[in-house]
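What follows is one structure encoded as structure tokens, with my remarks underneath.
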Amino acid sequence: MGRPQCDVCSSQFSLATGRENLWIMQGQRSGGLILELEDAEFTLCYSCLERLPSEPTADDVNTLADHTDT
Ligand SMILES: [Zn+2]
């Protein structure tokens, strides 16, 4: 299995799962997670998550991706 890739900035990261998730939330910022919305699902790293509003929509993610130079 390959490492997950952020849908916005295309960086790869270690996906947080279960207990590991808690640890990452408390400590470091190099991870990411799957953001599940009503009509879409995005893989996001934490640095991109921080740039989204607290209740992001698919449009918010797409707008962020459009404004990221990669
Ligand atoms: Zn990202």
Quiz item: Given H placed on each backbone N at 1.01 Å, which residues far from SER11 in sequence or on other chains put an amide H within less than 5 Å of it?
Solution: CYS6
Self-check item: With all protein chains modelled, accessible area of ARG51 [1.4 Å, Å²]
Solution: 140
Self-check item: Surface accessible to a 1.4 Å probe, GLU55 within the full protein complex, Å²
Solution: 150
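The values are calculated or read from the model by the stated rules, or taken from the named source; none is laboratory data. All figures in this text were calculated on a predicted structure; none of them were measured in a lab. Surface accessibility is based on the protein's heavy atoms, side chains included, excluding ligands, DNA and RNA. Shrake-Rupley method; radii C 1.70, N 1.55, O 1.52, S 1.80 Å.
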